[in-house]
Amino acid sequence: QVQLVESGGGLVQAGGSLRLSCAKSGRTFSAAAMGWFRQAPGKEREFVAAISWTVGSTYYADSVKDRFTISRDNTKNTLYLQMNSLKPEDTAVYYCAAGPVLTTANGRYGYWGQGTQVTVSS
């Protein structure tokens, strides 16, 4: 089993920055890939970014590319999402996920955190 706990969300002004963290515990072999997804009220959950835990390759949604950076710290078993130049449309609950392959499809991730709220005011 893999357990994921997100933190770092909050309220920030447009143009500001936040760094989300996802603490991982349990089986690491079942979390070869990890990603961030977000869901705004009335919207479907959408892919934000993903990373191969061992290799470090990354993938980003076009909407966040060049603004967000996904990374991981192996010694701390922690996943990060550095969010810069935040926009009101970034407002959502952000979820950390773990799965077997690097993919943008949320259905391929078997483990999810409970989410952390990010609110960007204009």
Residue in the stretch 101-122 that is most open to solvent (accessible area, probe 1.4 Å), counting only those that are among the polar types (S, T, N, Q) and farther than 14 Å from Arg38 by Cα: Ser122
When the residues of the stretch 34-64 are filtered to those that are closer than 14 Å to Thr104 by Cα and of a type in the set (Lys, Arg), which remaining residue is surrounded by the fewest Cβ atoms within 10 Å (Cβ to Cβ)? Arg45
May I ask you to list pairs of residues, at least six apart or on different chains, whose Cβ atoms are under 6 Å apart, with the first in the stretch 47-63 being in contact (Cβ under 8 Å) with a residue 24 or more places away in the chain and the second being part of a strand (DSSP E or B) and of a type in the set (S, T, N, Q)? Ile51/Thr58
Just the residues that are modelled with pLDDT under 95, of a type in the set (A, V, I, L, M, F, W, C) and open to solvent by 50 Å² or more (accessible area, probe 1.4 Å), please, taken from the stretch 1-33. Phe29
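The values are calculated or read from the model by the stated rules, or taken from the named source; none is laboratory data. All values reported here derive from a predicted model rather than from experimental measurement. Neighbour counts run over all protein chains shown; Cβ positions are idealised from the backbone, glycine included. What goes into the accessible areas is simple: the full protein's heavy atoms, side chains included, and nothing from ligands, DNA or RNA. Shrake-Rupley method; radii C 1.70, N 1.55, O 1.52, S 1.80 Å.
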